[in-house]
């Protein structure tokens with residue numbers, strides 16, 4: 001089984017409130033995304049700030065925001081605020 005867990009460096013960081021706002025906006029814009037994320041991840045812990053990464057999708061200028069912890073791997077489950085693809089970091 002292949003993995004999409006990245007070994008790259010974060011682009012920036014953001015306060016937890018900003019992260020939550022951006023993830024919610026992405027969920028609202030993409031039908032079914034919230035359910036996918038909830039099925040494949042568990043809730044994040046209490047942190048003041050979270051890392052942000054550039055989306056690796058060719059042609060996408062979006063950013064990846066932490067949406068949970070992956071159920072099947074030791075990784076942060078992220079969602080792109082533009083293309084709505086999910087990645088493990």
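The values are calculated or read from the model by the stated rules, or taken from the named source; none is laboratory data. All figures in this text were calculated on a predicted structure; none of them were measured in a lab. Neighbour counts run over all protein chains shown; Cβ positions are idealised from the backbone, glycine included.
Data overview
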read-out	value
Some residue of segment 21-35 being surrounded by fewer than 16 Cβ atoms within 10 Å (Cβ to Cβ) and in contact with a strand residue (DSSP E or B) (Cβ under 8 Å, 6 or more places away or on another chain)	no
Which numbered condition residue 17 misses (of (1) out of contact with any helix residue (DSSP H, G or I) (no Cβ under 8 Å at 6 or more places or on another chain); (2) in contact (Cβ under 8 Å) with a residue 24 or more places away in the chain)	(2)
Segment 1-47 - residue that is assigned to a strand (DSSP E or B) and closer than 19 Å to residue 72 by Cβ and, of those, modelled with the lowest pLDDT	5
Strands (runs of 3 or more DSSP E) (entirely within segment 48-89) containing at least 1 residues that are in contact with a helix residue (DSSP H, G or I) (Cβ under 9 Å, 6 or more places away or on another chain) and surrounded by fewer than 20 Cβ atoms within 10 Å (Cβ to Cβ)	49-54, 63-70, 86-88
